[in-house]
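Reviewing the structure listed below.
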Amino acid sequence: MLTDRHNGLHSTVEQTAVSSFDAAVTELLAHRPNVMPHLDAALAADPDHIASLALKGFGSVLLARSEHVASARVMAARLKALTDRRRPTAFEAALVAALDLASRGAWRDATSVLQQRLAECPIDLLSLKLVHALRFMSGDASGMLASTASVLDAWSAAAPGYGFMLGCHAFALEEHCLYESAERTARIALAHDPGDAWALHALAHVHVMQGRFMEGFDWLDATKPVWSGCNNFRFHLIWHGALLHLARGDADRALAIYDADLRPHLADDFRDLANASSLLWRLRQEGMDVRDRFEELHGFASARAQDTTLVFASLHHLLTMAACGDAGGASEIVAALVRRGARPDGDQAAVAADAGLDLARVILSLAQNGATRPDLGRLAQRAQCIGGSNEQRDVFLRTLALMAADAGDARNAGAILDLRRRMKREQQFATLAERRLAETLDSHRVVA
């Protein structure tokens, strides 16, 4: 048995496999692009290296596309057969059990398995990172913070990966609006591991949420040598830079960033498409003509209309359909979400049946130029369950606020804007929504 530098114990006797796996985990923690080549090297040294096979499976799960989830299920079955004949370590057994659950859509159960592993070995950094990722995608912010808080006392600042652990904790703090603690923790994380793009990400969130827009853009510009070497996560940080300009009222600069740095790299990855559609939707709300850019996303959205692996992704495809005026395509996605919500398998069925479907129907009503009368304020409160960050979900809060404003619904418009203000110091959009509400109420008075 061999131990890797991130505190995983392996049943293999091949040191090359463990060293290559270590390199893969480091790439994963830093959001760099060479995870799979290092895992391939590990499996060349030991084709039955359990942790490498499991991490490949998790990579497929986190892509959140139907064909990749199917591959993860195949990998989970292979690992089950392998561990039936090769006794796994506790580290390996937790990865295998969690992958089996995650590949079947039971992400919360998978995190429970990995959290139990952390209770036994709180310095198991890979298990912590996987818990963090799955809880993030599940919209479980409280679970993210509870998970990182539970391991803090077990870690030494001298331990390999200490900064990456703190980077996860910093982001969890930020999602709870604990901005001063988040910034302090992120800066300590970067002092230990300067390549921690997730800690950089946490700080980008803090800057926009606290209204420190130009400081935030300058921070991203200064740290570009670090995050420009990331995988497609670099596009998400570019997206943050565009949002910082939009929040300070410079929509032209935000669109220029989209055209120069995001538009040329569009691909069938829900993270890239969510960056693109949500930025364009915000620009559209600000009065920018971006229909041609949305048309470039339409093919991706159409291809994924039936793929409800991740409700968060489906809702972003719906934004594209609505912006393109494709009511038929939007209806197709909503129908797929109805079917997803009716199925008893996996956590996303519950997400669809809860806020996911109501949000989808609101967006569909925009595509159909129709009226919808849900309790928009309450729906905004429920939106966390779709996953992603507060800033990512803000595109839906903005949409609900404008719908309430355009309907002359002062109560719900005010409630949604108050919810946003508790998270984010940004007046640009609030002014837009309040102006539209006033215009609607004035028009009603004229008619009366």
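Each Cα pair under 8 Å and six or more residues apart adds its sequence gap; the mean of these over the residue count of the chain is a relative contact order of 12 percent.
Residue exposure proxy: ARG284, ARG87, ordered by other Cβ atoms within 10 angstrom of their Cβ from fewest to most, comes out as ARG87, ARG284. Relative to the dominant Cα principal axis of the chain, helix 390-406 is inclined by about 20°. For HIS10, the amide hydrogen comes within under 5 Å of the amide hydrogens of LEU2, THR3, ASP4, counting only partners 5 or more places away or on other chains and with H modelled in the peptide plane. From helices alone, the chain scores -22500 deg cm²/dmol at 222 nm; the rule is -39500 (n - 2.57) for each run of n ≥ 4 DSSP H residues, then divide by the residue total. What the Cα atoms of the stretch 1-131 give is an Rg and a Dmax of 13.2, 35 Å. Here the extension length gained between THR16 and ASP252 equals 79.9 nm, from 0.36 nm per residue of separation less the Cα-Cα distance. How far, in degrees from 0 to 90, does helix 213-222 lean away from the longest principal axis of the Cα atoms of the chain, to the nearest 10? With both axes taken from Cα atoms, the answer is about 30 degrees.
Placing unit charges on the Cβ atoms of the charged side chains and taking the dipole of the stretch 1-131 about its Cα centre, the candidate lying farthest along the positive direction among THR111, ILE123, LEU95 is THR111. Per-residue packing, averaged as other Cβ atoms within 10 Å, sorts the ranges 331-340, 159-168 into the order 159-168, 331-340, beginning with the highest. When each of the peptides 223-231, 125-133 is scored by how many other beta carbons lie within 10 Å of its residues on average, the order from highest to lowest is 125-133, 223-231. Our summary gives the stretch 1-138 a relative contact order of 22 percent, counting only alpha carbon pairs under 8 angstrom and 6 or more residues apart. Remark: the chain carries a charge dipole of roughly 760 debye about the Cα centre, counting +1 on each Lys and Arg Cβ and -1 on each Asp and Glu Cβ.
Each reported figure results from applying straightforward, stated rules to the coordinates on display, with no laboratory input. No experiment lies behind these values; they were computed from the predicted model shown. Counting neighbours? That spans all protein chains shown, and the Cβs are built from the backbone with ideal geometry, glycine included.
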